[in-house]
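Below is one structure, written out as C-alpha coordinates, with a few remarks after it.
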Amino acid sequence: MTHDGVAATQSFYSRWADLYDAIATQTPGVGQLRERAVAALAPDGGDVVVDVGCGTGATLPFLRERVGSRGTVVGVDFTPGMVSRARERVREAGWGNVHVVRGDATRLPVDRADAVFASFLSGMLAAPDRAVSDWADLVGSGGRLALLDLARSTRAVGAPLNPLFRGLVRASSPPGTGKRHEASPTRVLDRRVAAAHRALFERCSGVAHGRAALGFVRISAGAVESGE
(Lines give C-alpha, C1' and ligand atoms only; values in the text may rest on other atoms or scores of the structure.)
Protein backbone atom coordinates (compact mmCIF):
# COMPACT_ATOMS: atom_id res chain seq x y z
CA MET A 1 0.00 0.00 0.00
CA THR A 2 1.31 3.46 -0.87
CA HIS A 3 1.93 6.15 1.73
CA ASP A 4 -1.22 7.95 0.58
CA GLY A 5 -3.17 4.70 0.85
CA VAL A 6 -1.95 4.08 4.40
CA ALA A 7 -2.80 7.64 5.42
CA ALA A 8 -6.28 7.39 3.89
CA THR A 9 -6.94 4.08 5.63
CA GLN A 10 -5.78 5.37 9.01
CA SER A 11 -7.85 8.52 8.64
CA PHE A 12 -10.95 6.56 7.60
CA TYR A 13 -10.87 4.11 10.49
CA SER A 14 -9.93 6.76 13.03
CA ARG A 15 -12.84 8.93 11.92
CA TRP A 16 -15.31 6.08 12.31
CA ALA A 17 -13.78 4.44 15.40
CA ASP A 18 -16.86 4.97 17.58
CA LEU A 19 -19.18 3.51 14.95
CA TYR A 20 -16.90 0.52 14.43
CA ASP A 21 -16.78 -0.01 18.17
CA ALA A 22 -20.57 -0.13 18.30
CA ILE A 23 -20.67 -2.61 15.41
CA ALA A 24 -17.87 -4.72 16.93
CA THR A 25 -19.53 -4.97 20.33
CA GLN A 26 -23.28 -4.64 19.77
CA THR A 27 -24.01 -6.55 16.57
CA PRO A 28 -26.16 -9.55 17.57
CA GLY A 29 -24.05 -12.69 17.82
CA VAL A 30 -20.66 -11.03 17.34
CA GLY A 31 -19.69 -11.54 20.97
CA GLN A 32 -20.39 -15.26 20.68
CA LEU A 33 -18.26 -15.43 17.53
CA ARG A 34 -15.34 -13.76 19.29
CA GLU A 35 -15.76 -16.07 22.26
CA ARG A 36 -15.85 -19.11 19.96
CA ALA A 37 -12.70 -18.01 18.14
CA VAL A 38 -10.82 -17.33 21.37
CA ALA A 39 -11.89 -20.75 22.66
CA ALA A 40 -10.46 -22.26 19.46
CA LEU A 41 -7.20 -20.38 20.06
CA ALA A 42 -7.18 -22.04 23.49
CA PRO A 43 -4.49 -20.00 25.24
CA ASP A 44 -3.40 -21.24 28.66
CA GLY A 45 -3.50 -19.29 31.89
CA GLY A 46 -0.36 -17.18 32.16
CA ASP A 47 0.21 -17.01 28.38
CA VAL A 48 1.24 -13.92 26.45
CA VAL A 49 -1.32 -13.39 23.68
CA VAL A 50 -1.13 -10.77 20.92
CA ASP A 51 -4.39 -9.49 19.45
CA VAL A 52 -3.27 -8.28 16.02
CA GLY A 53 -5.42 -5.57 14.48
CA CYS A 54 -7.24 -5.28 17.79
CA GLY A 55 -9.29 -2.32 16.59
CA THR A 56 -11.24 -0.80 19.45
CA GLY A 57 -10.43 -3.76 21.70
CA ALA A 58 -13.63 -5.78 21.38
CA THR A 59 -11.82 -9.11 21.78
CA LEU A 60 -9.54 -8.03 24.63
CA PRO A 61 -12.02 -9.05 27.40
CA PHE A 62 -12.31 -12.59 26.03
CA LEU A 63 -8.56 -13.01 25.72
CA ARG A 64 -7.92 -11.61 29.19
CA GLU A 65 -10.43 -14.00 30.70
CA ARG A 66 -8.60 -16.94 29.13
CA VAL A 67 -5.05 -16.01 30.20
CA GLY A 68 -6.09 -14.93 33.70
CA SER A 69 -4.32 -12.52 36.02
CA ARG A 70 -0.94 -14.18 35.42
CA GLY A 71 -1.13 -13.76 31.66
CA THR A 72 -0.62 -10.77 29.39
CA VAL A 73 -2.66 -9.52 26.46
CA VAL A 74 -1.14 -7.10 23.97
CA GLY A 75 -3.42 -5.40 21.46
CA VAL A 76 -1.77 -4.03 18.33
CA ASP A 77 -3.36 -1.71 15.76
CA PHE A 78 -1.97 0.83 13.32
CA THR A 79 -4.90 3.26 13.42
CA PRO A 80 -4.60 6.05 16.02
CA GLY A 81 -8.34 6.37 16.61
CA MET A 82 -8.77 2.64 17.15
CA VAL A 83 -5.81 2.49 19.52
CA SER A 84 -7.20 5.41 21.51
CA ARG A 85 -10.59 3.73 21.91
CA ALA A 86 -9.00 0.39 22.86
CA ARG A 87 -6.82 2.08 25.48
CA GLU A 88 -9.90 3.80 26.86
CA ARG A 89 -11.58 0.39 27.19
CA VAL A 90 -8.58 -0.96 29.09
CA ARG A 91 -8.46 2.07 31.42
CA GLU A 92 -12.17 1.88 32.17
CA ALA A 93 -11.87 -1.83 33.02
CA GLY A 94 -8.72 -1.33 35.12
CA TRP A 95 -6.86 -4.19 33.44
CA GLY A 96 -3.23 -4.02 34.53
CA ASN A 97 -2.17 -6.95 32.36
CA VAL A 98 -3.68 -5.70 29.08
CA HIS A 99 -1.69 -3.29 26.94
CA VAL A 100 -2.52 -1.60 23.63
CA VAL A 101 0.20 -0.34 21.33
CA ARG A 102 0.23 1.22 17.91
CA GLY A 103 2.05 -0.99 15.45
CA ASP A 104 2.10 -2.79 12.12
CA ALA A 105 0.56 -6.26 11.84
CA THR A 106 3.40 -7.28 9.52
CA ARG A 107 6.10 -6.11 11.96
CA LEU A 108 4.72 -6.82 15.40
CA PRO A 109 6.32 -4.72 18.16
CA VAL A 110 6.77 -7.70 20.51
CA ASP A 111 9.72 -10.02 21.09
CA ARG A 112 7.80 -13.12 22.12
CA ALA A 113 4.29 -14.50 22.43
CA ASP A 114 2.59 -17.79 23.14
CA ALA A 115 -0.37 -17.14 20.86
CA VAL A 116 -1.53 -14.71 18.18
CA PHE A 117 -5.16 -13.88 17.46
CA ALA A 118 -6.53 -11.81 14.58
CA SER A 119 -10.16 -10.94 13.96
CA PHE A 120 -11.52 -9.40 10.74
CA LEU A 121 -7.98 -8.41 9.74
CA SER A 122 -6.90 -10.73 6.92
CA GLY A 123 -8.72 -8.72 4.25
CA MET A 124 -6.78 -5.59 5.18
CA LEU A 125 -3.33 -7.10 4.67
CA ALA A 126 -1.58 -6.91 1.31
CA ALA A 127 0.16 -10.25 1.92
CA PRO A 128 -1.88 -12.06 4.59
CA ASP A 129 -0.18 -15.40 3.98
CA ARG A 130 3.22 -13.87 4.71
CA ALA A 131 1.87 -12.17 7.85
CA VAL A 132 0.42 -15.44 9.19
CA SER A 133 3.74 -17.18 8.57
CA ASP A 134 5.56 -14.43 10.44
CA TRP A 135 3.18 -14.81 13.37
CA ALA A 136 3.89 -18.54 13.36
CA ASP A 137 7.61 -17.78 13.54
CA LEU A 138 6.97 -15.44 16.47
CA VAL A 139 5.10 -17.98 18.62
CA GLY A 140 7.33 -20.86 17.57
CA SER A 141 6.69 -24.58 17.71
CA GLY A 142 3.64 -25.36 19.83
CA GLY A 143 2.47 -21.75 19.83
CA ARG A 144 -1.12 -21.05 18.88
CA LEU A 145 -2.70 -19.07 16.02
CA ALA A 146 -6.35 -18.25 15.38
CA LEU A 147 -8.15 -16.26 12.68
CA LEU A 148 -11.70 -14.94 12.68
CA ASP A 149 -12.77 -13.49 9.32
CA LEU A 150 -15.66 -12.54 7.09
CA ALA A 151 -15.93 -13.37 3.37
CA ARG A 152 -18.67 -14.12 0.87
CA SER A 153 -20.66 -17.25 1.61
CA THR A 154 -20.24 -20.31 -0.59
CA ARG A 155 -23.15 -22.09 1.08
CA ALA A 156 -26.52 -22.37 -0.57
CA VAL A 157 -28.22 -20.90 2.48
CA GLY A 158 -26.01 -17.80 2.51
CA ALA A 159 -25.31 -17.17 -1.19
CA PRO A 160 -28.56 -15.20 -1.80
CA LEU A 161 -27.28 -12.64 0.73
CA ASN A 162 -23.95 -12.12 -1.04
CA PRO A 163 -25.15 -8.96 -2.88
CA LEU A 164 -26.04 -7.40 0.49
CA PHE A 165 -22.66 -8.48 1.86
CA ARG A 166 -20.90 -6.84 -1.11
CA GLY A 167 -22.72 -3.61 -0.35
CA LEU A 168 -21.66 -3.71 3.28
CA VAL A 169 -18.04 -4.37 2.32
CA ARG A 170 -18.03 -1.41 -0.08
CA ALA A 171 -19.60 0.87 2.53
CA SER A 172 -17.04 -0.13 5.17
CA SER A 173 -13.98 0.16 2.92
CA PRO A 174 -11.75 3.26 2.83
CA PRO A 175 -12.36 5.52 -0.20
CA GLY A 176 -10.45 4.43 -3.30
CA THR A 177 -10.03 0.79 -2.24
CA GLY A 178 -11.31 -0.58 -5.55
CA LYS A 179 -9.11 1.73 -7.62
CA ARG A 180 -5.98 0.86 -5.63
CA HIS A 181 -6.51 -2.86 -6.19
CA GLU A 182 -8.18 -2.81 -9.63
CA ALA A 183 -10.76 -5.21 -8.22
CA SER A 184 -13.87 -4.92 -6.12
CA PRO A 185 -13.31 -4.71 -2.34
CA THR A 186 -15.24 -7.97 -1.95
CA ARG A 187 -13.03 -9.87 -4.39
CA VAL A 188 -9.94 -8.55 -2.63
CA LEU A 189 -11.40 -9.58 0.72
CA ASP A 190 -12.24 -13.11 -0.48
CA ARG A 191 -8.74 -13.69 -1.89
CA ARG A 192 -6.97 -12.40 1.18
CA VAL A 193 -9.09 -14.33 3.67
CA ALA A 194 -8.53 -17.53 1.71
CA ALA A 195 -4.77 -16.90 1.60
CA ALA A 196 -4.56 -16.23 5.34
CA HIS A 197 -6.44 -19.35 6.35
CA ARG A 198 -4.51 -21.46 3.86
CA ALA A 199 -1.26 -20.21 5.40
CA LEU A 200 -2.50 -21.15 8.88
CA PHE A 201 -3.26 -24.68 7.66
CA GLU A 202 0.23 -24.89 6.16
CA ARG A 203 2.01 -23.82 9.35
CA CYS A 204 -0.18 -25.50 11.97
CA SER A 205 -1.24 -28.98 12.97
CA GLY A 206 -4.53 -30.10 14.46
CA VAL A 207 -6.28 -27.18 12.79
CA ALA A 208 -9.89 -26.64 13.77
CA HIS A 209 -11.84 -24.89 11.02
CA GLY A 210 -15.45 -23.89 11.06
CA ARG A 211 -17.98 -21.59 9.48
CA ALA A 212 -20.84 -19.68 11.01
CA ALA A 213 -23.42 -17.00 10.22
CA LEU A 214 -24.74 -18.73 7.06
CA GLY A 215 -21.19 -19.34 5.87
CA PHE A 216 -19.98 -15.73 6.00
CA VAL A 217 -17.73 -16.27 9.03
CA ARG A 218 -14.50 -18.33 8.93
CA ILE A 219 -12.71 -19.46 12.07
CA SER A 220 -9.41 -21.37 11.93
CA ALA A 221 -7.06 -22.22 14.80
CA GLY A 222 -4.17 -24.55 15.39
CA ALA A 223 -0.76 -25.14 16.96
CA VAL A 224 2.35 -24.25 15.02
CA GLU A 225 4.33 -27.25 13.85
CA SER A 226 8.02 -27.65 14.42
CA GLY A 227 10.14 -26.45 11.53
CA GLU A 228 12.47 -29.42 11.89
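The values are calculated or read from the model by the stated rules, or taken from the named source; none is laboratory data. Note that this is a predicted model, so its numbers are computed, not measured. As a convention, Cβ positions derive from the backbone with ideal geometry for all residues, glycine included, and neighbour counts pool all protein chains shown. The area values use the complete protein model at the heavy-atom level, side chains included, leaving out ligands, DNA and RNA. Shrake-Rupley method; radii C 1.70, N 1.55, O 1.52, S 1.80 Å.
Before moving on, here are some points about what is shown:
- Segments 157-165, 140-148 sorted - mean Cβ within 10 Å per residue, highest first: 140-148, 157-165
- Whole-percent carbon and sulfur share, accessible surface of the chain, 1.4 Å: 52
- Beta bridges by DSSP in the range 111-227, antiparallel share as percent, to the nearest 5: 75
- With contacts taken as Cα pairs under 8 Å and at least 6 residues apart, the chain reaches a relative contact order of 20 percent.
- Residue-normalised accessible area of the range 1-160, expressed per residue, 1.4 Å probe, Å²: 46
- Between Ser172 and Glu65, the FRET efficiency from the beta-carbon distance, with R0 = 22 Å, is close to 0.20.
- Given (1) 0.96; (2) 1.16; (3) 1.28, the label whose value is Cα Rg over 2.2 N^0.38 Å derived from this model: (1)
- Rounded FRET efficiency, nearest 0.05, which uses the C-beta distance separating Asp104 from Ala159 and R0 of 35 Å: 0.50
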